[in-house]
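J.: Attaching a single structure in structure tokens format; questions to follow.
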Amino acid sequence: MSKFSYVDLKFKPDLKKHIIATYYLETNGEDDIKTSASKVAAESSIGTWTDVKTLSKATFERLHAIVFEISDHYPSYFRVSKTIENKMKKDKNKAVIKIAYPLDLFEFGNIPQLLSSVGGNVFSMKCIKNLRLLDLEFPKKYINSFQGPYHGISGIRKKLNIKNRPLIGSIVKPKVGMTPKQYGKIAYDVWSNGIDIIKDDENLTSLSFNKFEDRVREVMKVKKRVEKETGEKKMYVFNVTAPFDLMLKRAKFVKKHGGKCVMIDVVSVGMDNVQLLRKQDLKLVIHGHRAGHSAFTRNDEHGMTMYVLAKLARLAGIDQFHTGTVVGKMDGDEDDVIRIDEFLKEDWAGFDILEENWSSIKPTMPIASGGLHPGLTSKLIEILGNNVIINYGGGLHGHPDGSASGAKACRQAIDASLKNISLSEYAKTHKELQKALKKWGK
Ligand code: CAP
Ligand code: MG
């Protein structure tokens with residue numbers, strides 16, 4: 001037992017001076033919750049498993065993390081299933097705790113260091129059975145040390161010249177397997193029929209049958225042609241996920257060929273690489289794909305929330321970020337997705353407020369993707385609103401008459417939803433939508 005306690009339930013944290021972490025904690029049953037919480041605060045700040053002569057009282061006072069709240073319910077802005085909350089209320093080994101970390105514990109502008117502290121060793125400790133990082137709140141000074149998105153929502157909208165409606169995207173399918181020429185052909189069909197953005201899939205980088213540079217050349221040629229023919233602005237999202245030297249080389253290649261956007265699989269490459277690419281000041285829109293996040297976000301009792309990951313992505317400089325659809329194929333509770341999207345879209349610019357203040361960081365545009373088809377469009381917009389990118393992959397290229405008709409059907413579904421006309425009504429006069437609804441329902 002340490003002579004120092006890291007718990008002080010009378011302590012009042014100060015969001016100007018502390019990073020505040022909220023965790024769900026379940027002890028292994030040997031320690032009581034207070035002792036476990038103290039151990040988590042110690043391990044994630046300055047302590048270790050035993051007292052050490054090298055830790056002076058003065059250093060302890062200045063730098064130790066403080067558990068200032070232990071409660072039997074989640075913060076009101078976190079919806080969890082009643083079963084989990086009831087289980088927690090009945091079980092003395094489970095609690096939601098809040099820890100205040102003095103700002104001096106952190107290097108400004110360094111997400112990996114933050115994660116090594118509040119998201120590091122604590123997950124491995126034998127004294128806990130489960131630990132889930134629910135939220136991180138940052139002082140303004142700390143937030144200001146990050147660049148955030150270069151373009152943000154308004155910048156993306158400006159590039160595409162679209163003011164209020166959802167942006168419509170498509171992921172080329174199959175995920176991989178086609179040649180750059182085939183990508184060019186698909187891009188033409190899809191862009192020409194009402195889609196704004198086309199993107200690579202998360203596992204397409206530079207493969208033997210589809211070299212990155214060849215794809216860029218081919219697609220950019222087509223983009224020029226379509227923009228001329230339609231008078232509309234278009235965007236292609238090139239996946240640059242790779243070791244950083246290659247990522248940078250490819251992003252520069254995109255820029256040189258007139259591209260506006262690159263995609264990074266943020267979990268695969270890590271937020272440090274996102275920060276590094278953002279720092280290059282290439283002025284490209286950075287699209288964040290989150291493949292792999294569920295390895296640590298999906299378990300309700302362990303890991304960390306998508307909400308925390310979204311906060312980190314926005315700090316690091318992601319302009320547009322995958323957050324879920326509620327109605328599609330991927331796991332994602334409605335309240336969770338809404339909370340994440342609301343956070344990403346929130347623009348504090350010009351406001352000096354007392355709570356967490358992100359006024360120096362531009363908003364990030366949420367992306368709804370995964371299992372979407374025209375029939376889900378009205379419901380999706382009803383839940384997530386207009387300030388979102390709606391991505392159709394299989395639900396566009398799987399149209400019975402091919403990608404061009406699929407694109408038309410998706411655009412018709414968006415138009416109907418925005419006009420408040422039911423999809424089945426609109427389908428009576430729009431045959432592409434009619435066929436899509438027949439195949440996938442509504
Ligand atoms: C969607 C997608 C996206 C997922 C990612 C896929 O294709 O391309 O990667 O949406 O999920 O490969 O599944 P479909 P999330 O439209 O064909 O489903 O946005 O939830 O991170
Ligand atoms: Mg994909």
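J.: Could you work out the relative contact order of the chain, using alpha carbon pairs under 8 angstrom and six or more residues apart, expressed as a whole percent?
T.: On the way: 880 pairs, mean separation 70.2, N = 442.
Value for the chain: 16 percent.
J.: Additional query: Sort 198-204, 160-166 for me by packing, meaning the mean count of neighbouring Cβ atoms within 10 Å per residue, highest on top.
T.: Working: 198-204: 21.4, 160-166: 14.0.
Ranked from most to least packed, the peptides come out as 198-204, 160-166.
J.: Charges only on Cβ, +1 for Lys and Arg, -1 for Asp and Glu: so what's the dipole of the stretch 118-210 about the Cα centre, in debye to the nearest 20? All intermediate terms of the calculation are to be shown ahead of the outcome.
T.: Numbers: 15 positive and 7 negative charges, 42 e Å.
Its charge dipole is roughly 200 debye.
J.: Rounded to the nearest 5, what % of DSSP beta bridges with both residues in the chain are antiparallel? Each step should come with its number before you reach the end.
T.: Values: 23 of 51 bridges.
The antiparallel fraction comes to roughly 45 percent.
J.: Let me ask another. Excluding residues on the same chain fewer than 8 positions from Lys199, give the aspartates and glutamates whose Cα lies under 18 Å from its Cα.
T.: Asp189, Glu213, Asp214, Glu218, Glu227, Glu232, Asp265, Asp319
J.: Another one. Once a ≥ b ≥ c are taken as the square roots of the eigenvalues of the Cα gyration tensor of the chain, is the result rounded (a/c under 1.5), prolate (a/b larger than b/c) or oblate (a/b not larger than b/c)?
T.: On the way: a/c = 2.36, a/b = 1.81, b/c = 1.30.
Because a/c hits 1.5 or more and a/b exceeds b/c, the chain counts as prolate.
J.: Report the number of Lys pairs in the stretch 293-395 whose alpha-carbons are under 21 Å apart, with separation of 8 or more residues or on distinct chains. If you can, show how the numbers build up before the last one.
T.: Details: Lys311/Lys345; Lys311/Lys362; Lys329/Lys379; Lys345/Lys362; Lys345/Lys379.
Within the stretch 293-395, the lysine pair count is 5.
J.: What does the charge count around Arg215 come to, taking other residues whose C-beta lies under 13 Å from its C-beta (Lys +1, Arg +1, Asp -1, Glu -1)? Please report the intermediate quantities before stating the final value.
T.: Working: positive: Lys181, Lys185, Lys199, Lys211, Arg217, Lys221, Lys223, Arg250; negative: Asp200, Asp201, Glu213, Asp214, Glu218.
Result for the local shell: +3.
J.: For each pair in Lys228/Lys435; Lys94/Lys126; Lys17/Lys82, compute the distance between the two Cα atoms and list the pairs where it is over 26 Å. All intermediate terms of the calculation are to be shown ahead of the outcome.
T.: Working: Lys228/Lys435 30 Å; Lys94/Lys126 15 Å; Lys17/Lys82 34 Å.
Beyond 26 Å: Lys228/Lys435; Lys17/Lys82.
J.: Another one. Could you state the angle between the C-alpha long axis of helix 180-191 and the longest principal axis of the C-alpha atoms of the chain, as a value from 0 to 90 degrees rounded to the nearest 10?
T.: The helix 180-191 is inclined about 80 degrees to the chain.
J.: Under a cut-off of 18 Å between alpha-carbon atoms, report the lysines in cross-link reach of Lys57, not counting same-chain residues fewer than 8 places apart.
T.: Lys3, Lys39
J.: How would you rank Ser369, Ser154, going from fewest to most other Cβ atoms within 10 Å of each one's own Cβ? Write down the numbers at each step before the final one.
T.: On the way: Ser369 24, Ser154 13.
Fewest to most other Cβ atoms nearby, the residues stand as Ser154, Ser369.
J.: Beyond 20 Å between alpha-carbons counts as too far, so tell me which of Lys163/Lys252; Lys159/Lys224; Lys159/Lys283; Lys408/Lys439; Lys255/Lys408; Lys12/Lys34 fall in that bin.
T.: Numbers: Lys163/Lys252 28 Å; Lys159/Lys224 14 Å; Lys159/Lys283 12 Å; Lys408/Lys439 15 Å; Lys255/Lys408 29 Å; Lys12/Lys34 17 Å.
Those over the limit are Lys163/Lys252; Lys255/Lys408.
J.: Order of His397, His373 from fewest to most other C-beta atoms within 10 Å?
T.: Details: His397 19, His373 25.
In increasing order of surrounding Cβ atoms, one gets His397, His373.
J.: If the only charges are +1 at each Lys and Arg Cβ and -1 at each Asp and Glu Cβ, what is the size of the charge dipole of the chain around the Cα centre, to the nearest 20 debye? Walk me through the intermediate numbers first.
T.: Details: 70 positive and 52 negative charges, 346 e Å.
It works out to roughly 1660 debye.
J.: Using only the Cα atoms of the stretch 184-330, build the gyration tensor, take square roots of its eigenvalues as a ≥ b ≥ c, and label the shape rounded, prolate or oblate: rounded if a/c is under 1.5, else prolate if a/b is larger than b/c, else oblate.
T.: Working: a/c = 2.00, a/b = 1.53, b/c = 1.31.
Prolate shape, in that a/c is at least 1.5 and a/b is the bigger ratio.
FYI, it's all coordinate maths here, none of it is from the lab. Worth saying up front: this structure is predicted, and the values here are computed from it rather than measured. As a convention, Cβ positions derive from the backbone with ideal geometry for all residues, glycine included, and neighbour counts pool all protein chains shown.
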